[in-house]
Amino acid sequence: MDNIKVEIKELKKYFEDLLGPENVKTNEPMSKHTTFKTGGPAWYYLTPENGEQIAKIIDLCNKTGVKYHMHGNGSNVLFDDEGYDGVIIATCDNMTELIRDNNVLVAGAGVTLARLAKEALDGELTGLEFASGIPGTVGGAVVMNAGAYGGEIRHVIVTATVYDCESKEVKILGNKELCLEYRKSIIMEKPYIVLEACFELCHGDKEDIKETMNDYNSRRREKQPLNYASAGSTFKRPEGYFAGALIEECGLKGYRVNDAMVSEKHAGFVVNTGNATTKDILEVIKHVQEMVYEIKKVKLEPEVRIIKK
Ligand SMILES: Cc1cc2nc3c(=O)[nH]c(=O)nc-3n(C[C@H](O)[C@H](O)[C@H](O)COP(=O)(O)OP(=O)(O)OC[C@H]3O[C@@H](n4cnc5c(N)ncnc54)[C@H](O)[C@@H]3O)c2cc1C
């Protein structure tokens, strides 16, 4: 596909030739692919199988000046109600290879954390118990350094294989090079795409691992509003505080704009109680930020990533 001149309207044919028509959707509502269940249509929604296909998609996007967005399970993103004028590259359908070799798991970017954790359990491996209830993919979890109950991706990841969109090279980044901190990684700052990740775990007792997973998941059910659409904790934990406690202390539980609401069960979650739009959710987020700053003088930063049209 080198040196071809492609018009935007011709992209569909190129994508279909590259990926097969079944992996190319046009005008795809992002509300179908996000846990918040909001977001308008994306020009293209593509489900590639590997890094080579991703490289070609990106090459084509660059040549045509069309923007692109990497997508995992959409469990930490808010898409504009007007949609996304570009190409969504989604890993969760076809980049799902998972290999276990002794105490090492190698997972494609689209493998869900639930499946990764189950594989660890089946292999009697401990270290991923924290991940079993996080509804993201390996790619999204590396980007966000996902974590819960004291566990984090950075504790178990050995390497991530990434595609560097600038140098057009595939690179293997070690744990330190990934610069994993609280909900932060080098992937957010560089033009990197996660293709797969390798995790090293320790042998453990299957019953203990299972019990820990069950305990974490029942704590989630007890404390979190899992009956509503959301993106989990809406805000990052501000240093020295808990976002949920601050919001609750400001009397904001139940604050709503149309169907978007600060959860009554856990104030750290903004939820979609029915037909909320991204605009409604953003209005709730803004109000919460303003009130918490006014009353507590603490700045809340969204954890959820806002994707512009
Ligand atoms: C009910 C609920 C509970 C949650 N609990 C937790 C929790 O306990 N702990 C926690 O950390 N999070 C939690 N989350 C948030 C979310 O699940 C995590 O942030 C998760 O890691 C996001 O993964 P994803 O695949 O859904 O990523 P997406 O939401 O699809 O994407 C998130 C970001 O990663 C980028 N991205 C995705 N895949 C790639 C890739 N292959 N290469 C490069 N960039 C990529 C996207 O562009 C985007 O910027 C929760 C969410 C929900 C809905």
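Take A267 and decide whether it is crowded, with 24+ Cβ neighbours inside 10 Å, part of a loop (DSSP other than H, G, I, E, B), of a type in the set (A, V, I, L, M) and in contact with a Gly (Cβ under 6 Å, 6 or more places away or on another chain). I'd like the intermediate steps shown before the answer.
On the way: crowded, with 24+ Cβ neighbours inside 10 Å: yes; part of a loop (DSSP other than H, G, I, E, B): yes; of a type in the set (A, V, I, L, M): yes; in contact with a Gly (Cβ under 6 Å, 6 or more places away or on another chain): yes.
When the stated conditions are applied, A267 passes them.
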Of all residues making up segment 195-227, the number that are away from the ligand (no atom under 16 Å from the Cβ) and in contact (Cβ under 8 Å) with a residue 12 or more places away in the chain: 10
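One line per residue, one yes/no per condition, for (1) crowded, with 18+ Cβ neighbours inside 10 Å; (2) not in a strand (DSSP E or B); (3) not assigned by TED's automatic domain parsing to the domain that holds K299:
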{"residue": "V194", "(1), (2), (3)": "yes, no, yes"}
{"residue": "N214", "(1), (2), (3)": "no, yes, yes"}
{"residue": "R219", "(1), (2), (3)": "no, yes, yes"}
{"residue": "I247", "(1), (2), (3)": "yes, yes, no"}
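Kindly indicate the residue of segment 228-241 that is surrounded by 13 or more Cβ atoms within 10 Å (Cβ to Cβ) and more than 17 Å from D259 (Cα to Cα) and also farthest from the ligand (Cβ to nearest atom) among those meeting that condition. If you could, list the steps in order and put the result at the bottom.
First pass over segment 228-241, keeping only residues surrounded by 13 or more Cβ atoms within 10 Å (Cβ to Cβ): 228-238, 241.
Now restrict to residues that are more than 17 Å from D259 (Cα to Cα): 233, 235-238, 241.
Numbers: S233: 6, F235: 12, K236: 10, R237: 11, P238: 16, Y241: 17 Å.
In this case the residue turns out to be Y241.
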If we keep just the residues of segment 47-82 that are assigned to a helix (DSSP H, G or I) and polar (S, T, N, Q), which is nearest to the ligand (Cβ to nearest atom)? Q53
Scanning segment 137-167 for residues that are more than 10 Å from the ligand (Cβ to nearest atom) and in a strand (DSSP E or B) gives I157, V158, T159, T161, D164
Only unsatisfied item for F130, checking (1) out of contact with any helix residue (DSSP H, G or I) (no Cβ under 9 Å at 6 or more places or on another chain); (2) buried (at least 16 other Cβ atoms within 10 Å of the Cβ); (3) part of a helix (DSSP H, G or I); (4) of a type outside the set (G, A, S), is (1)
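Can you pull out the residues in segment 24-44 that are more than 10 Å from the ligand (Cβ to nearest atom), surrounded by fewer than 24 Cβ atoms within 10 Å (Cβ to Cβ) and not hydrophobic (A, V, I, L, M, F, W, C)? Before you say what the answer is, go through the steps one by one.
We begin by selecting, within segment 24-44, every residue more than 10 Å from the ligand (Cβ to nearest atom); these are 24-32, 37-44.
Then drop every residue that is not surrounded by fewer than 24 Cβ atoms within 10 Å (Cβ to Cβ), which leaves 24-29, 31-32, 37, 40-41, 43-44.
Matches in segment 24-44: K25, T26, N27, E28, P29, S31, K32, K37, G40, P41, Y44.
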Can you find, within segment 168-184, the residue that is nearest to the ligand (Cβ to nearest atom) among those that are more than 19 Å from the chain's Cα centre (by Cα) and touching a residue at least 60 places away in the same chain (Cβ under 8 Å)? V170
Might you let me know whether segment 281-295 holds any residue that is touching a residue at least 24 places away in the same chain (Cβ under 8 Å), outside any strand (DSSP E or B), touching a Cys at 6+ places or on another chain (Cβ under 7 Å) and surrounded by fewer than 16 Cβ atoms within 10 Å (Cβ to Cβ)? yes
Might you let me know whether segment 100-115 holds any residue that is charged (D, E, K, R), under 19 Å from V142 (Cα atoms) and away from the ligand (no atom under 15 Å from the Cβ)? yes
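Take R100 and tell me if it is under 18 Å from I157 (Cβ atoms), touching a Ser or Thr at 6+ places or on another chain (Cβ under 9 Å) and surrounded by fewer than 23 Cβ atoms within 10 Å (Cβ to Cβ). Quick ask: steps written out before the conclusion?
On the way: under 18 Å from I157 (Cβ atoms): yes; touching a Ser or Thr at 6+ places or on another chain (Cβ under 9 Å): no; surrounded by fewer than 23 Cβ atoms within 10 Å (Cβ to Cβ): yes.
Here the answer is no, as R100 does not meet what is asked.
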Is it the case that some residue within segment 83-99 is of a type outside the set (F, W, Y), over 25 Å from Q53 (Cβ atoms) and either within 13 Å of the ligand (Cβ to nearest atom) or not in a loop (DSSP other than H, G, I, E, B) (or both)? no
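Among the residues of segment 296-303, are any of a type outside the set (D, E) and in contact with an Asp or Glu (Cβ under 8 Å, 6 or more places away or on another chain)?
The initial filter retains those residues of segment 296-303 that are of a type outside the set (D, E), namely 296-300, 302.
If we keep only those that are in contact with an Asp or Glu (Cβ under 8 Å, 6 or more places away or on another chain) as well, we get 296.
Within segment 296-303, one or more residues are of a type outside the set (D, E) and in contact with an Asp or Glu (Cβ under 8 Å, 6 or more places away or on another chain).
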The number of residues in segment 257-309 that are small (G, A, S) and more than 23 Å from R219 (Cβ to Cβ) is 3
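The values are calculated or read from the model by the stated rules, or taken from the named source; none is laboratory data. Everything numeric in this text was worked out from a predicted model, so none of it was measured. All Cβ positions, even for glycine, are placed from backbone atoms using ideal geometry, and neighbour counts span all protein chains on display.
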